[in-house]
1. Starting from the Cα of Asp382, step 7 Å along the direction of its Cβ; do the same at Arg361; then give the gap between the two resulting points in nm.
2. Which angle from 0 to 90°, rounded to the nearest 10, does the C-alpha axis of helix 212-225 make with the longest principal axis of the chain?
3. On a 1.4 Å probe surface of the protein chains, which of Glu317, Glu362, Glu335, Glu271 comes out largest in accessible area, and what is the full order?
4. Sort 284-296, 70-82, 181-193 for me by packing, meaning the mean count of neighbouring Cβ atoms within 10 Å per residue, highest on top.
5. So which of Lys117/Lys173; Lys212/Lys386; Lys140/Lys173; Lys212/Lys345; Lys140/Lys276 end up more than 29 Å apart, counting from Cα to Cα?
6. Which net charge results when you count Lys and Arg as +1 and Asp and Glu as -1 among the other residues whose beta-carbon is under 14 Å from that of Leu251?
7. Once the Cα atoms of helix 60-77 and of the chain are each reduced to a long axis, what angle between those two axes, in degrees from 0 to 90 to the nearest 10, is obtained?
8. Hey, got the dipole for segment 171-327? About the Cα centre, +1 on K and R Cβ, -1 on D and E Cβ, debye to the nearest 20?
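The values are calculated or read from the model by the stated rules, or taken from the named source; none is laboratory data. Owing to the predicted nature of the structure, the values given are computational and were not obtained by experimental measurement. Glycine also receives a Cβ, built like all others from the backbone with ideal geometry; neighbour counts cover every protein chain displayed. Remember, those area values only see protein heavy atoms, side chains included, never the ligands or the DNA or RNA. Shrake-Rupley method; radii C 1.70, N 1.55, O 1.52, S 1.80 Å.
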Amino acid sequence: MRAAFARGPSQPAPEPPADHTYPLNADSLVREGYHRFYNLDYDGAISRFETVLKEHPQDPMAYGYLQMATVFRELYHQDLLDTTYYAHDSFLSNKRNVPIAPATRDRIEDLTDDGIKLADDRIKANPADKDAYFARGYMKGIHAAFITLVDHSFSAAARQGLSARNDSEQVLKIDPQYTDAQMAIGIQQFAAGSLPRFIRLIVGVFGAGGNKERGLNLLRDCAAHGTITSVESRTVLSLFLRHDGRYSEALAVQRGLAREFPHNFLFRLEEANLTKDEGNGLAAIELYKQVLADAARQRYFVDPRLQLAFFGLADTERGQNEFAEAAENYVRAAEQPRCSDWMRKRAYLNAGQMFDLLHQREKAIELYRQAAVAGGDQSQADTARKLIQHAYQGK
């Protein structure tokens, strides 16, 4: 038996309840892979999950672990885990282009298809196989998130998300104590209960029952008692509460995650984001600066995406009418070497607006031109071209 890992410096991971969770979750290498994942060490997580898959090639959940880590590594590299992007419904109509390497996309699709097929075969052989239903629902849910954020395939994603919910409901019919299955249901309940009727019709969830508070309560229960979905449920819970403007509740959840995983760059960043959203701009500025200071410490974070912190800091300074500081930090965000093209052009656009407010028109135009440059992401281009013609007058 491999040695157990610790979730934090002094927090041993509890043994999962063997009868009410997927059996492979008890494997120490699986648990270590999740620990790496929760600290954003995606490569370390993938390496361990690759080994799990080699040892269990006929287990659908082995594919699910690796699919999940591979998807989220790609979303992170594409700056798609910036939660400010999803705090409102505007991302549904965003024209952002997300270039995915064909080999990466093929790997994700193959893992998804192969894992679901194995689960399908087990369900055909035994319609009461709760673990197979869970594995299939888990993979469908992760794939739904991928095609939503990368491809904007909202209708297809909604159908997959609903199918994941159905599988999870089947798990709970067989075993009501299988807490991990509540996450997919909670997500679907909140989503279906939040979207306006016409959007639900467009994306294909019209007719699916939804209740926001029931969804939140399911996520809370999963956060408290889930085996492999506790951290994910808390993350989603914080995002949903933020979406609804319940910032103090979201912040309480996020502070818990940041304390448990202080080396998770995104959890620390989200604490600053929510402090800003709650209306405490000065405290948020200090939190952003602390994140950046910790990022400067050798190996404190794994692969920190500093553009997200600089952009959040700049947004907060903008809200405090510190336009010169905001302009400087928007430019810093754009100049990060691994900044996505979308984030870079978005940062240049915002920096240009700050220089307009500082009455530095030539500098503003220079930055608008960089936001409107041909090629790559063009979601900022129309606004940038208008601002080249007419100076920004807002805030």
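1. 2.6 nm
2. In the chain, helix 212-225 runs at an angle near 70 degrees to the longest axis.
3. So the residues, ranked largest to smallest area, are Glu362, Glu335, Glu271, Glu317.
4. Order by mean packing, descending: 181-193, 70-82, 284-296.
5. Over 29 Å Cα-Cα: Lys212/Lys386; Lys212/Lys345; Lys140/Lys276.
6. Its environment carries a net charge of +1.
7. The angle comes out near 0 degrees.
8. So the dipole magnitude of segment 171-327 works out to roughly 340 debye.
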